[in-house]
Structure formats: C-alpha cells, structure tokens
Amino acid sequence: LDEQELPSSSFQFRINNEIFEGEANLFGNKIQGDFKIPFHSSNQAMRLRAKTVDWNFASVLAVLGASQLGEEYESQLTSDIELTSETGNWTQLSGNALIKNFYLKRGSTSMKNPEPIDIHFNKGLISLKKFRLMGPNTDIGVKGDEFTFNKMDIGIKAHSDLRLVHIMLPFLDDLGGPFQLQATVSGSYQKPEVLGNANIDNTFVKLKGFPHPVEKLKADIIFSHTKIIIQNIKGFLASGSLSGEGTVVINGINDIPTQIRLHAEGLNMTVPDKVKSQGHANLVFSGKWFPFILSGVYQVTSALVESEFDDSVSSTQIRDSIYLPKVIKEASFSPVLLDLQVNLEKNIVVKNSKIDG
C-alpha cells in the first residue's frame, strides 16, 4: 500500500439482491470480523462483529495519499465490537463497542484512554461510558446517555494540540497549536446542532504547495445551533499581518456554506519561486464543500522577478493509490482553489541573465 508492505489479509464476501455479508481477517490478524447488512429494512437481521488487536490505525493515511504523515504517528487500537439489529435498521442497533486501548502519539504529544471506553447500544439508544482521552497537555472527554442518531445529546470538553488531529486533515502540509473546546451536540447526525465555544492560539497552518504558512494564528469560535461564528482572527502570513472574521453554516453532509473574510497587510510573498512581491490583500474564503475558493484582490505595490525565462518547472512525481475516494483521486482535487485578481500598482522589475529592466 503506497510504499508500505502490510501483513497478509484474507476475506470473503457474499452478495445478492437482499443482503451483503462476509468475513475478514486483515493485516495479520490485527482486524478480525464478520458482517451481514440487508439492503432494505426488513425482517432480515443486521450484524456487525469486529475485533482489533494493537492495530496501527494511522497506517490508513496511505489510502489517502498521506503515508509520509502517517509515519510521524504512533498508534494502537484494541477493541471489541458486537452490534445487531433485528429489524435490519442500523438506527435500531443493540450491543456494545468496547475500546480497550486507544493510543495516538506524534512527537512529544500523545493521548490514550486511562480506562476502557464502553459505547452501549440498546435498540437505538446510545450511552457513552468512561469516554476520556488523556496525555501531556491533553484532556478530551465526551459524555452522552441514551441518545439516538436522530436525536443526539452529547457533551464534549477538550483541550489538546492540533498536531494530534492533523491525522484527520491529511490535505494540510502541517498543523499545530493549542486548542480548547466546550460544546453540546444535539439534532440529528445528518444535521447536527452545536452550542458552545472554542478558541485556538499560536496555531501554525501550512497548505500543500503554498510556501508561506499562517503563523501565530488566533481565533475565537462560537457555536450557535447550525451556525459557527469565527471572530477575532489574528495571525501572520508572509511577514505581514492577517485579520478577519466569518461564519460557517452546517446544513448537512457535504453542505457547509462557509464565508470567511480576511485582510492581509504588509505581505512579502515569494510565489512562485524567485518571484517576489509586496502588497496587501482583501480575501474571501468561501464554498459549501471541497474544494473551497479563496478569492479576492491582491494589490501589489512592488515586484521583482529573478527567475530565468527558460527555467524548467520541477515537480515531484506522486503516485495516486487506486483505492482513493473519487473526490481525492481526481487530478483537479485541491482543498483550496485560487480565484485572485492581482493589481500591479507599479512596473515589475526583472533581473536575470537576459533582462535587467
């Protein structure tokens, strides 16, 4: 998988017009299980049984084309899952998911569960018991008692470092910095409603392919049902200052209208290589789902081109995994697309072996 050799796996599936079922033994006994899933809710029972033993779950990043990021993590998951639904409706599950050992480490930051986490299902009612992850400067607790997928009632209180959750955003080149979160989640899984607040401080964000990271980023985040309000955005980009505010609305899966307005002052950009520019910009980060759009106006006060006109553009050859989800595998996929208007206030200075003028 990518450049990683995995232990042997075996599995068999059976499918007809009513059910999909099978058994699997994956990655050298690290994951074992069987399942039976009816295509329509009926009298056919649903079954899901799985057991993991010291499974390095960070290795799945290779499927998303981020195996290099996965190498920075140490991870283990030991769990027992046994869920059934007599009616075949997955919102009416009964059984238990017992997480005996959850461990995630990146650099000096880590978290693990001090006690086994028990997620209990009773004909669609879900209860979380002892759901807590702890580590250096990390404490994440989740509480919920007898809620359902369509009527959630979950409390979350967390503080940690974004370096640990970078594994959930593999399209970013780097991510780090402390965050705090306190919120309650209600509504349905398709359209959750969140009440609470969060803040990030001294955060570092770097997009793939863009040489300038956002540094010392701060922001206050307020959750109000289906609306997320982002206030007091402050940070530094390309030796200049960055400020802004915005909103995010959660309408449903793949439908998250976002609009964040940013102002950058005192920029000193080097994009592309050997093309330097100074100026200021008014930007809008918007969209409903990936890829989002970064649009606006970049007012260039001065520019210097030192690249040769015949310089060949070097590129790193990246081999996509055939198992990539379609949205990621598409050649045009990018988490952010640029739609910038560049205004040149003065002439561009060009200095290379052919031109000085």
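The values are calculated or read from the model by the stated rules, or taken from the named source; none is laboratory data. Everything quoted here is computed from the prediction, not taken from an experiment. Positions of Cβ are generated from backbone atoms using ideal geometry, with glycine treated the same way; all protein chains shown enter the neighbour counts. Each accessible area value is taken on the protein alone, full model and side chains, heavy atoms only, with ligands, DNA and RNA left out. Shrake-Rupley method; radii C 1.70, N 1.55, O 1.52, S 1.80 Å.
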In debye, nearest 20: dipole of the chain around its Cα centre with unit charges on the Cβ of K, R (+) and D, E (-)?
660
Pick from Ser307, Ser85, Ser94 the residue whose mean-square fluctuation is largest in a GNM of the chain, springs joining Cα atoms under 10 Å.
Ser307
Solvent exposure of the chain as accessible area per residue, Å², 1.4 Å probe:
59
Under the Kirkwood approximation for Rh and a Cα-based Rg, what ratio Rg/Rh is obtained for segment 108-219?
1.04
On a full-extension model of 0.36 nm per residue, what is the gain between Arg14 and Phe210, subtracting their alpha-carbon distance, rounded to one decimal in nm?
65.9 nm
Build a GNM of the chain with springs between Cα atoms under 10 Å: which of Asn343, Asn17, Asn197 gets the top mean-square fluctuation?
Asn17
Extension gain, Phe290 back to Val349 (0.36 nm per residue minus Cα-Cα distance, nm)
17.6 nm
Carbon and sulfur atoms account, in whole percent of the 1.4 Å probe accessible area of the chain, for 54
Through the Karplus equation 6.51 cos²θ - 1.76 cosθ + 1.60, θ set to phi - 60°, convert the phi angles of segment 75-82 into ³J(HN,Hα) values in whole Hz; use x for Gly and Pro.
8, 8, 9, 10, 8, 10, 10, 9
Long-range amide H partners of Phe39 with built H, under 5 Å:
Ile19, Phe20
Place a point 7 Å from Cα of Ile222 in the direction of its Cβ. Which residues in segment 171-195 have their backbone N less than 16 Å from it?
182-184, 194-195
Dipole of the chain [Lys/Arg +1, Asp/Glu -1 at C-beta], most positive-end residue of Leu237, Gly155, Asn113:
Gly155
Calculated from backbone phi, Karplus (6.51, -1.76, 1.60) coupling profile of segment 243-251 in Hz, x at Gly/Pro:
9, x, 6, x, 9, 10, 10, 9, 8
Tally Lys/Arg at +1 and Asp/Glu at -1 over every other residue whose Cβ is under 12 Å from the Cβ of Asp34; what's the total?
+2
Students often get this wrong, so try it: which of (1) 44, 25, 20; (2) 35, 24, 20; (3) 41, 21, 20 is semi-axes √(5λ) of the Cα gyration tensor in Å as calculated from the structure shown?
(1)
From the phi of every residue in segment 142-158, what ³J(HN,Hα) in whole Hz does the Karplus formula 6.51 cos²θ - 1.76 cosθ + 1.60 yield, where θ is phi - 60° and glycine or proline is x?
10, 10, x, 9, 6, 9, 10, 4, 8, 9, 7, 8, 10, x, 10, 9, 8
Give the cross-link partners of Lys143 among the aspartates and glutamates, using a straight C-alpha distance below 19 Å as the criterion and excluding same-chain residues fewer than 8 apart.
Glu115, Asp118, Asp153, Glu193
To the nearest 0.05, how large is the calculated FRET efficiency for Arg49 and Gln190 if R₀ is 25 Å and r is the Cβ-Cβ distance?
0.40
Taking the dipole about the Cα centre of the chain, with the C-beta of Lys and Arg at +1 and of Asp and Glu at -1, give me whichever of Pro211, Gly33, Asn347 is farthest to the positive side.
Gly33
Set of lysines with alpha-carbon distance to Lys227 below 16 Å, sequence-local pairs under 8 removed:
Lys191, Lys288
From the helices alone, meaning DSSP H stretches of at least four residues, give me the mean residue ellipticity at 222 nm for the chain, per-run term -39500 (n - 2.57), in deg cm²/dmol to the nearest 500.
-500 deg cm²/dmol
Highest GNM mean-square fluctuation among Val214, Val142, Val305, for the chain with Cα springs under 10 Å, belongs to Val305
